[in-house]
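The values are calculated or read from the model by the stated rules, or taken from the named source; none is laboratory data. In this text the structure is predicted, and so the values were computed from the model without any measurement. Note that we place each Cβ from the backbone using ideal geometry, even for glycine, and neighbour counts take in every protein chain shown. Heavy atoms of the whole protein, side chains included, go into the accessibility calculation; ligands, DNA and RNA do not. Shrake-Rupley method; radii C 1.70, N 1.55, O 1.52, S 1.80 Å.
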Amino acid sequence: MGTSVQVTPLCGVYSESPLSYLVTVDGFNFLMDCGWNDLFDPALLQPLSRVSSKVDAVLISHPDILHLGALPYAMKQLGLSAPVFATEPVYRLGLLTMYDYYLARKQISDNDLFTLDDIDSAFQNITRLTYSQNHHLSERGEGIVIAPNVAGHLLGGTIWKITKDGEEVIYAVDFNHRKERLLNGTVLDSFVRPAVLITDAYNALNNQLSKRQREQEFLETILKALRAEGNVLLPVDTAGRALELILTLEQYWAERHLTFPIFFLTNVSTSTIEYVKSFLEWMSDSIAKSFEHTRDNAFLLRNVTLIINKSELEKLSDVPKVVLASMGSLELGFSHDLFVEWATEAKNLVLFSEKGQFGTLARMLQADPPPKAVKVTMSKRVPLVGDELHAFEEEQNRLKKEAAVKASLVKEEELKSSRSSDNNVSDPMVIDSGTSHVPTDAASSRFFGYRDIIIDGFVPPATSVAPMFPFFENSAEWDDFGEVINPNDYVIKEDDMDQAMHGIGADLDSKLDEGSAHLLLDATPSKVVSNELTVHVKCALAYMDFEGRSDGRSIKSIISHVAPLKLVLVHGSAEATEHLKQYCSKQFYPHIYAPQIEETIDVTSDLCAYKVQLTEKLMSNVIFKKLGDYEIAWVDAEVGKSNGTLSLLPVSSTPPTHKSVLVGDLKLADFKQFLSGKGIQVELAGGVLHCGEYVTVRKVGDSSQKGGAAAQQVVIEGPLTEEYYKIRELLYSQFYLL
């Protein structure tokens, strides 16, 4: 049997709910993402609560609420204590995302599901990895290797590859194959024939316009509203797709010399952009090359103003402007407040760049566009005054007194227990009571005069005769070179150094700008005042797909190319999931799964893998040939047993001859350059390489094989002339012959 793999969805199947899945590889439990939504409904986390204590490791794929929003709550309330793995941008931007949500919730609710300490504690537990970095797990995960790979979609977005005994489990959700201003496309299509592919059906029913068409329509719609003296509201996430939109607007404004103001409004906007400036190596090749040549950082924004307070917009109340405000759902945050203010005027525009989360105000408006009336709740945090403030202070003083009394009781109990333990401990220097002199009352009165003596200080228990300081025997091991030590005790871990440099979990000022830190640390007694309003929505409303996900046509093509042995579909509406499942079943796959919540499916590979030992007698006669960074050889051997293990032994008789094998991957464009360098006239047209006058070289796929593992043949055709044989010899030189 192959590596044992089971998949159990905890949230996010047959729906667009947050993502959370339990993947078990040979008994080791991975939690793939730990998402929540803007409604923060604890009912969504019930399946997670039943397995959280069994989780051995958490892998986070994207820095948004749908992928990591429940992490602080799960670690505080649900008993999740496993190590967490993510890329550096996912860690940094995810932390800021949680701060933004905490501040937004703090303004509208007294029921805190998690605190700042909970957020810091959860994120301190994250191990940061770089793309393609192989991380070997230990203890229960011995033999398992995890590696993050480029997903696109969001900065630092990850496709996780889990490898055990040569078999790969790929977790790829919310990926984007298109190259954008901010990010390169995914590398998912570089994987071929993994044992299991877990992917989403989110966009399976959608086919997008070209990037140029979408951007042109997007920008023209914004300009039309601005030129009509209207304001434009773009509800966005904290540090996700908002970055791509900022670059798009920044570049367009610079090219057209536009003067309409643009604002990026979140509780952590300045901190977000400051961090993003340091993530150039995680961005697209075009941004990296531009920085190399001009030393100009793409996020040195000249047309976008960063603000953390809505009051700063009031200074330009009469000026048409564009505001990118969090949150994208319109349920909370600055976008909610601006929508209530601007929705009543027909000249304004609310432009959604992604589908709203199910059950939110944004989703309702997208499904049923205005004009219409909607009910919204306006909440506001106000300082306590008068009797309320006095009552609050009295309650705080009472709680402090109770805490002090409780602490003193605990201290007294500890003192009593320490005395009782002293009474029970035998002293190695015990004086023989038979030889000790006990003074009589007369002698005592002679020497001391009075029996009632108050001693202030250490009073030895009555049962002890020789009080002394505690002594602990050194039980360290010694060898011929001295005391045996553990070198790891004296090594400063890289993570600890990084935390010390950045002040993680200690000083908020190191993570946030001054204004955001002030908001987080504000301890003024306050309360939340709420009232329900009916908003008559008259403004224009539009939805344009800037989610940065591959569309249905691309998803089908990529799955066909990757050709996994087993395919698991998650995260998508019921219609999209069934559509993709039926399509894949008809096209190329017999093993397709779409499990329900808490339904465990076994996707263990049908392949049988064996470990064999190469004997020294066999390897002494093998001739290796260099192939890039590797060496390869053809081996004829027999399988036998040596010392109870399977071994490859030399064949007992003369091995049969085998056909020559050409190893390599020919790229026609590279071969064209090679032939040109040899003085041969060559032209590449329609996938065919025309060499000289009559010779052609082309690649032909093997139609008998399906998926990305299909073999390709290189065909050379032409009359048997001297030129033909010369080109054939040069063609052979591009391969390794076995």
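Hey, can you tell me all the residues within segment 46-64 that are open to solvent by 10 Å² or more (accessible area, probe 1.4 Å) and within 18 Å of MET98 (Cβ to Cβ)?
Matches in segment 46-64: ASP64 only.
Condition first: in a loop (DSSP other than H, G, I, E, B) and open to solvent by 90 Å² or more (accessible area, probe 1.4 Å). Now tell me which residues in segment 674-689 satisfy that.
Within segment 674-689, LYS678, GLN681 qualify.
For segment 541-573, give me the residue count where each residue is over 19 Å from GLN366 (Cβ atoms) and either open to solvent by 10 Å² or more (accessible area, probe 1.4 Å) or of a type in the set (S, T, N, Q) (or both).
The number of residues fulfilling the criteria is 10.
So, ILE144, is that one in contact (Cβ under 8 Å) with a residue 60 or more places away in the chain, more than 26 Å from THR266 (Cα to Cα) and over 13 Å from the mean Cα position of the chain (by Cα) or not?
Criteria met by ILE144.
Report every pair of residues separated by at least 6 positions or lying on different chains whose Cβ atoms are under 9 Å apart, first residue within segment 45-56 and without any contact (Cβ under 8 Å) to a residue 60 or more places away in the chain and small (Gly, Ala, Ser), second open to solvent by less than 30 Å² (accessible area, probe 1.4 Å) and not in a loop (DSSP other than H, G, I, E, B).
SER49/ALA74; SER52/LEU31; SER52/LEU45; SER52/ALA74
Given (1) in a helix (DSSP H, G or I); (2) in contact (Cβ under 8 Å) with a residue 60 or more places away in the chain, where does ASN531 come up short, assuming only one miss?
The one condition ASN531 does not meet is (1).
(1) at pLDDT below 80; (2) under 30 Å from VAL562 (Cβ atoms); (3) not small (Gly, Ala, Ser): which one isn't true of THR657, the others all being true?
For THR657, the failing item is (2).
For segment 543-565, give me each residue that is in contact with a Phe, Trp or Tyr (Cβ under 7 Å, 6 or more places away or on another chain), outside any loop (DSSP other than H, G, I, E, B) and more than 15 Å from LEU188 (Cβ to Cβ).
Selection gives TYR543 alone.
I'd like the full set of residues that are assigned to a loop (DSSP other than H, G, I, E, B) and either closer than 30 Å to GLU281 by Cβ or within 11 Å of the chain's Cα centre (by Cα) (or both), limited to segment 57-98.
ILE60, SER61, HIS62, PRO63, ASP64, GLY69, ALA70, ALA82, PRO83
Output yes when any residue across segment 79-88 is within 28 Å of ARG381 (Cα to Cα) and open to solvent by 10 Å² or more (accessible area, probe 1.4 Å), and no when none is.
No; the residues of segment 79-88 include none that is within 28 Å of ARG381 (Cα to Cα) and open to solvent by 10 Å² or more (accessible area, probe 1.4 Å).
In this structure, is ALA74 among the small types (Gly, Ala, Ser), over 26 Å from VAL268 (Cβ atoms) and in contact (Cβ under 8 Å) with a residue 12 or more places away in the chain?
Here the answer is no, as ALA74 does not meet what is asked.
In segment 334-386, how many residues are in a loop (DSSP other than H, G, I, E, B), at pLDDT 90 or above and surrounded by fewer than 18 Cβ atoms within 10 Å (Cβ to Cβ)?
Qualifying residue count, segment 334-386: 4.
Of all residues in segment 716-727, count the ones that are part of a helix (DSSP H, G or I) and open to solvent by 80 Å² or more (accessible area, probe 1.4 Å).
3
Is it true that some residue in segment 245-257 is open to solvent by 10 Å² or more (accessible area, probe 1.4 Å), part of a loop (DSSP other than H, G, I, E, B) and touching a residue at least 12 places away in the same chain (Cβ under 8 Å)? So that I can check it myself, show each step before the final result.
Taking segment 245-257 as the starting set, the residues that turn out to be open to solvent by 10 Å² or more (accessible area, probe 1.4 Å) are 247, 250-252, 254-257.
Then drop every residue that is not part of a loop (DSSP other than H, G, I, E, B), which leaves 257.
Next, only the ones that are touching a residue at least 12 places away in the same chain (Cβ under 8 Å) stay: none.
The answer is no, given that none of the residues of segment 245-257 is open to solvent by 10 Å² or more (accessible area, probe 1.4 Å), part of a loop (DSSP other than H, G, I, E, B) and touching a residue at least 12 places away in the same chain (Cβ under 8 Å).
Here is a list: LYS672, LYS566. Which entry is modelled with pLDDT of 80 or more, charged (D, E, K, R) and touching a Leu at 6+ places or on another chain (Cβ under 6 Å)?
LYS672
Among the residues of segment 210-222, what is the count of those that are open to solvent by 10 Å² or more (accessible area, probe 1.4 Å) and either touching a His at 6+ places or on another chain (Cβ under 8 Å) or in contact (Cβ under 8 Å) with a residue 24 or more places away in the chain (or both)?
Going through segment 210-222 one residue at a time, the tally reaches 6.
Whether any residue in segment 295-305 is touching a Pro at 6+ places or on another chain (Cβ under 7 Å) and either at pLDDT below 90 or open to solvent by less than 70 Å² (accessible area, probe 1.4 Å) (or both) is what I want to check.
Yes, some residue in segment 295-305 is touching a Pro at 6+ places or on another chain (Cβ under 7 Å) and either at pLDDT below 90 or open to solvent by less than 70 Å² (accessible area, probe 1.4 Å) (or both).
When the residues of segment 186-219 are narrowed to those that are polar (S, T, N, Q) and assigned to a loop (DSSP other than H, G, I, E, B), which ends up farthest from the chain's Cα centre (by Cα)?
Checked segment 186-219; the qualifying residue farthest from the chain's Cα centre (by Cα) is SER210.
Which is among the charged types (D, E, K, R) and modelled with pLDDT under 80, of ASP636, ASP606?
So the residue among ASP636, ASP606 that is among the charged types (D, E, K, R) and modelled with pLDDT under 80 is ASP606.
Can you name every residue in segment 584-617 that is open to solvent by less than 70 Å² (accessible area, probe 1.4 Å) and of a type outside the set (A, V, I, L, M, F, W, C)?
SER585, TYR589, HIS591, TYR593, PRO595, THR604, SER605, THR615 - these are the residues of segment 584-617 that are open to solvent by less than 70 Å² (accessible area, probe 1.4 Å) and of a type outside the set (A, V, I, L, M, F, W, C).
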